[in-house]
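As structure tokens, the structure follows; a few thoughts come after it.
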Protein chains: 2
Amino acid sequence: MVVASAPAKVILFGEHFVVEDKFAIAAAINLRAKVFADFNDSNFISISSDINSPNTIKIPINMIISGDIHGYSPSITPLLLILHEFSFKHHLLDRGVDISIKSEIPMGAGLGSSAAVFVAFSAAILKLYNVKFNLYDVIELASKGESLAHGKPSGIDATISAFGGILLYRRSQGFNRLNVKFNAPIILGITPEHRSTADMVNKVLKLKYKYPSIFNLIYDANDKIVEEAINALISSDINRLGELLNISHGLLSSLGISTLNLERLIYAARNAGAYGAKVTGAGGGGAIIAISNESTVSSILKAINDNGGKAIISYISDYGVNVDECSN
Amino acid sequence: MVVASAPAKVILFGEHFVVEDKFAIAAAINLRAKVFADFNDSNFISISSDINSPNTIKIPINMIISGDIHGYSPSITPLLLILHEFSFKHHLLDRGVDISIKSEIPMGAGLGSSAAVFVAFSAAILKLYNVKFNLYDVIELASKGESLAHGKPSGIDATISAFGGILLYRRSQGFNRLNVKFNAPIILGITPEHRSTADMVNKVLKLKYKYPSIFNLIYDANDKIVEEAINALISSDINRLGELLNISHGLLSSLGISTLNLERLIYAARNAGAYGAKVTGAGGGGAIIAISNESTVSSILKAINDNGGKAIISYISDYGVNVDECSN
């Protein structure tokens with residue numbers, strides 16, 4: 001039996017701006033999706049998942065190999081596509097597998113929950129079938145799932161989940177790992193609002209193309225924030241990093257992606273002692289992040305919960321996808 | 001008997017940015033301060049005011065002439081200084097006067113309530129003593145009161161209150177009247193929060209000097225917003241103007257001057273159908289403005305009142321200070 005796990009991500013700076021080739025900083029956090037996989041004695045792949053409502057599907061291996069994988073739920077089909085790609089590339093999908101998925105990552109909140117599942121799932125399958133692989137192989141396979149789930153993902157989610165740590169990203173330049181140690185708590189506050197990432201991205205772009213002279217300056221300001229944030233991370237200056245989160249949130253608010261529910265959580269965190277707080281991800285709902293020191297964590301968690309959010313404490317996770325064989 | 005009145009102002013765009021020689025657009029609105037003045041047969045100036053708690057003070061003319069005007073309340077002393085300046089310049093303060101002040105402008109909310117009183121007060125005194133004067137004389141006299149009340153005022157408040165209409169302002173270039181007609185309702189939402197304008201200005205400048213490379217771009221973005229806003233005003237494009245208010249609010253939020261109470265009113269207005277809404281003035285509390293068409297006014301007013309604000313409907317006022325002799 002194989003167990004693989006992969007972390008959630010938060011975007012610290014630069015969401016939306018990255019779409020127009022600006023810089024973003026993303027980090028893996030210590031909330032993880034886990035995938036257990038083991039061979040069974042059948043010709044079926046069985047997948048059980050605690051995501052959404054718990055359910056189990058069973059599908060014959062030959063249907064996966066032939067690509068006859070549609071008609072399943074949106075959370076299952078991408079996994080079947082990953083298996084199909086795996087079989088296509090490695091010609092190894094010759095034994096039945098029992099797969100079980102458990103995730104502690106809130107879904108639909110811009111925390112890369114689906115990418116973490118796809119990364120852990122891909123690593124588990126590669127490992128179970130004893131394929132030699134590196135992180136890029138995992139990302140490539142996981143990205144097949146991401147493409148199906150999200151249309152045109154930036155690749156940030158799968159990459160950060162595979163690598164862990166803190167990554168600097170720019171579309172035209174790819175990823176660079178920032179070799180910094182950041183130990184302070186990152187508090188998440190999840191709003192109950194639903195939103196579509198694609199809708200939010202399109203809304204922002206529409207506004208940007210309507211007012212290019214204004215937005216070009218705001219987008220340039222994002223890159224200056226990222227520059228300052230790298231310095232603050234290198235020097236572990238949590239106070240500056242908090243101020244930069246606050247400034248960044250204002251710019252994201254000018255793009256039209258904040259909501260009153262997000263603002264409630266942001267001010268709850270700031271007023272409870274956070275160094276700074278901002279929306280993270282696409283906005284229109286989803287999650288905020290706040291950074292604090294250990295002494296104010298409990299009051300910030302309480303303030304977020306008291307203001308309609310679901311608060312979760314997290315830390316940056318230096319390790320990304322992890323896979324092991326268990327002795328049964 | 002003389003009656004003078006002068007309007008409140010709202011800053012549509014550019015508050016805080018003006019401090020660093022960027023553009024602002026301010027407008028007079030149809031909330032007015034009124035000053036009634038008439039000679040009496042004594043050697044006293046009597047001032048009664050409905051501002052703060054109603055009260056009446058009586059002070060001998062010779063004390064005003066000699067400048068012995070201290071020890072009165074902060075709302076009265078600037079008026080006595082205006083009278084002292086008037087007597088110094090015109091050598092006319094030789095008869096007792098009864099003065100009565102009534103204002104419909106909310107105080108301490110960044111709406112220029114004190115400047116409107118000073119402007120109306122100055123015009124009333126000049127008129128009562130039959131001095132030939134123009135608007136600049138009124139502004140000069142009123143500004144004495146403003147200096148005492150606010151330290152170093154930009155002069156925006158007294159100027160807009162004297163001239164009325166919509167003014168484009170830049171510190172190094174002074175004022176230019178925008179000859180546009182803007183008929184849509186401007187809805188005010190006042191929060192119960194107290195704040196000091198000077199403290200907010202200093203807080204913003206401190207942040208700007210700490211992160212100049214970021215803030216220089218945000219400040220430049222303000223000027224692009226003002227450019228776009230002038231075009232939107234000229235073409236009466238209320239939809240664009242609303243979007244520009246929203247963008248501007250985000251930038252002001254990045255300067256750190258918004259609060260949860262302000263955000264509540266802003267989202268209440270936007271969600272009730274406003275084209276756009278933003279904080280107006282120094283922030284940290286005070287007022288928001290929202291623009292709408294007539295059909296959504298009542299729901300926006302209700303939404304603001306339901307969310308902890310005091311809602312007031314206003315319109316841009318093309319006329320500024322107004323002074324008349326009444327037949328007694």
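Read the figures in this text as sums done on the coordinates, not as results from a lab. Not measured: the values here are computed from a predicted model. We place every Cβ from the backbone using ideal geometry, glycine too, and count neighbours over all the protein chains shown.
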Among B:ALA4, A:LEU255, A:GLY112, the residue whose Cα sits farthest towards the positive end of the charge dipole of the protein assembly as shown, when +1 is placed on the Cβ of each Lys and Arg and -1 on the Cβ of each Asp and Glu, is A:LEU255
Could you tally the net charge around B:PHE44, taking each other residue with its Cβ under 15 Å from the Cβ of B:PHE44, Lys/Arg +1 and Asp/Glu -1?
-> -3
Could you check which residue among A:ILE289, A:ILE57, A:ILE156 shows the biggest mean-square fluctuation in a GNM of chain A with a 10 Å Cα cutoff?
-> A:ILE57
Phi-based couplings in Hz for the range A:310-315 (Karplus 6.51, -1.76, 1.60; Gly and Pro marked x) = 10, 9, 9, 8, 9, 9
Simple spin-label estimate for B:TYR315 and B:SER236 in nanometres, 7 Å along Cα-Cβ | 1.2 nm
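Assuming a viscosity of 1.306 mPa s and a temperature of 10 °C, what translational diffusion coefficient in µm² per second does Stokes-Einstein assign to the range A:51-112, Rh being the Kirkwood radius over Cα pairs? Please report the intermediate quantities before stating the final value.
Values: Rh = 13.0 Å.
Rounded, D is 122 µm²/s.
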Mind scanning A:LYS89/A:LYS208; A:LYS22/B:LYS22; A:LYS22/B:LYS206; B:LYS132/B:LYS224; B:LYS144/B:LYS302 and naming the pairs with a C-alpha gap bigger than 32 Å?
-> A:LYS89/A:LYS208; B:LYS132/B:LYS224; B:LYS144/B:LYS302
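Tell me, A:ASP41, B:ASP68 in order of fewest to most beta-carbon neighbours within 10 Å?
A:ASP41, B:ASP68
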In the Gaussian network model of chain A, springs joining C-alpha atoms below 10 Å, which of A:LEU188, A:LEU260, A:LEU251 carries the largest mean-square fluctuation?
-> A:LEU260
Sum of -39500 (n - 2.57) over DSSP H runs of 4+, divided by residues of the protein assembly as shown (222 nm, nearest 500) | -13500 deg cm²/dmol
How many nanometers, to one decimal and shortest first, lie between the label point of A:SER147 and those of its other copies, if labels sit 7 Å from Cα toward Cβ?
-> 7.2
Fewest-first sequence of B:VAL138, A:VAL323 by Cβ atoms within 10 Å of each Cβ | A:VAL323, B:VAL138
Hey, could you get me the Stokes-Einstein D for the protein assembly as shown, Kirkwood radius over alpha-carbon pairs, 37 °C and 0.692 mPa s, rounded to whole µm² s⁻¹?
-> 119 µm²/s
For label points placed 7 Å from Cα toward Cβ, what is the shortest-first list of nm distances from B:ASN43 to its copies?
-> 11.9
Neighbourhood net charge (11 Å Cβ-Cβ; Lys/Arg +1, Asp/Glu -1) for B:GLU20 = +1
For chain A, what is the convex hull (Cα atoms) projected area averaged across all directions, in square nanometres?
-> 16.6 nm²
Copy-to-copy spacing for B:ILE57, label 7 Å out on the Cα-to-C-beta vector, in nm, shortest first?
-> 8.0
Using modelled amide H (1.01 Å from N, peptide plane; none on Pro or chain starts), what sits under 5 Å from the amide H of B:THR280, excluding residues fewer than 5 places away?
-> B:ALA287, B:ILE288, B:ILE289
Cα centroid of the range A:229-278 to Cα centroid of the range B:18-38, whole Å = 33 Å
Alpha carbon centroid spacing (whole Å) that separates the range B:54-69 from the range B:89-105 | 11 Å
Could you pull out every residue, at least 5 positions away or on a different chain, whose amide H is within less than 5 Å of the one on A:PHE13? Hs are placed 1.01 Å off N in the peptide plane, and Pro or chain starts have none.
-> A:ILE25
Under the rule rounded for a/c under 1.5, else prolate if a/b exceeds b/c, else oblate, using alpha carbon gyration tensor axes a ≥ b ≥ c, the range B:186-314 is classed as oblate
Going toward the positive end of the dipole of the protein assembly as shown, with +1 on Lys and Arg Cβ and -1 on Asp and Glu Cβ, which of A:GLY273, A:TYR169, B:LEU83 do you reach last?
-> A:TYR169
According to a simple spin-label model (label point 7 Å from Cα along Cα-to-Cβ), what is the distance in nm between B:SER299 and A:GLU104?
-> 4.4 nm
Among the range A:100-144, those whose backbone N falls under 11 Å of a label point 7 Å along Cα→Cβ from A:SER46 are A:100
Counting only C-alpha contacts under 8 Å and six or more residues apart, can you give the relative contact order of chain A as a whole percent?
-> 26 percent
State the dimensionless ratio Rg/Rh of the range B:1-79 (Rg: radius of gyration of Cα atoms; Rh: Kirkwood radius).
-> 1.11
Using the number of other C-beta atoms within 10 angstrom as an exposure proxy, rank B:THR259, A:THR191, A:THR280 with the fewest first.
-> B:THR259, A:THR191, A:THR280
Show which lysines lie in cross-link reach of B:LYS181 when reach means a straight Cα distance below 17 angstrom and same-chain residues fewer than eight apart are skipped.
-> B:LYS9
List, in order, the whole-Hz ³J(HN,Hα) value for each residue of the range A:289-299 obtained from phi through the Karplus relation with A = 6.51, B = -1.76, C = 1.60 and θ = phi - 60°; use x for Gly and Pro.
-> 10, 9, 10, 8, 9, 4, 6, 9, 4, 5, 6
Fluctuation leader among A:ILE225, A:ILE247, A:ILE234 - chain A, Gaussian network, Cα springs under 10 angstrom = A:ILE234
What range in chain A is the longest one free of trypsin sites (Lys or Arg not before Pro) that are in a loop by DSSP and have at most 13 other Cβ atoms within 10 angstrom?
-> A:182-328
Whole-Hz Karplus couplings 3J(HN,Hα) for the range A:240-254, θ = phi - 60° and coefficients 6.51, -1.76, 1.60, Gly and Pro as x, run 4, 4, x, 4, 5, 4, 5, 4, 4, 4, x, 5, 5, 5, 5
With charges set only on the Cβ (+1 for Lys and Arg, -1 for Asp and Glu), what does the dipole of the range B:186-314 come to about its Cα centre, in debye to the nearest 20?
-> 420 debye
